[in-house]
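J.: Attaching a single structure in structure tokens format; questions to follow.
Each value in this text was obtained by applying a stated rule to the coordinates, not by laboratory testing. Nothing here was measured: the structure is a model prediction, and the numbers come from that model. Positions of Cβ are generated from backbone atoms using ideal geometry, with glycine treated the same way; all protein chains shown enter the neighbour counts.
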Amino acid sequence: MNDRERDLWRVVGNILLVLGVGVWVLYAALRFGAGWNVTAGQFLPFHLAGVVPGAILRRHRFFRKVISRLRS
């Protein structure tokens, strides 16, 4: 895998992190701005769906090294 592909994974990870954290901006806008009766539990799966894979992709080099060490 070349450096450009590695950078692409890191960019995708950063985008997922921003989207996952950005869910809370939407939550706050709906709850406090629009006055809707929404709960944090309704937004938590979307937050985690962005943050967990985003963090993994952002640190993919570290996880690749760990996996290669475990295999050897």
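J.: Where is the GNM fluctuation largest for the chain (alpha-carbon springs, 10 angstrom cutoff): Gly20, Gly50, Gly35?
T.: Residue with maximal mean-square fluctuation among Gly20, Gly50, Gly35: Gly35.
J.: Send over the Kirkwood Rh of segment 3-71, from the inverse of the averaged 1/r over different Cα pairs, rounded to one decimal Å.
T.: The answer is 13.4 Å.
J.: Considering Cα pairs under 8 angstrom that are at least six residues apart, work out the relative contact order of the chain and quote it in whole percent.
T.: 45
J.: Within the chain, which whole H helices from DSSP have a Cα span along their axis of at least 18 Å and a mean Kyte-Doolittle hydropathy of -1.0 or more, if any?
T.: Qualifying helices, which must be both long enough and hydrophobic enough, are 3-28, 40-58.
J.: Among Leu26, Leu17, Leu48, determine the one that fluctuates most according to a GNM of the chain built with springs between C-alpha atoms less than 10 Å apart.
T.: Among Leu26, Leu17, Leu48, the largest mean-square fluctuation in the Gaussian network model of the chain belongs to Leu26.
J.: Have a look at Val18, Ser72, Phe62 and report the one farthest towards the positive end of the charge dipole of the chain, computed about the Cα centre with Cβ charges (Lys/Arg +1, Asp/Glu -1).
T.: Most positive-ward Cα: Ser72.
J.: Would you compute, from DSSP H runs of 4+ residues alone, the mean residue ellipticity of the chain at 222 nm, taking -39500 (n - 2.57) per run and dividing by the full residue count, rounded to the nearest 500?
T.: -27000 deg cm²/dmol
J.: What is the dipole size for the chain, taken about its Cα centre, with +1 at each Lys and Arg Cβ and -1 at each Asp and Glu Cβ, in debye to the nearest 20?
T.: Once rounded to the nearest 20, the dipole reads 480 debye.
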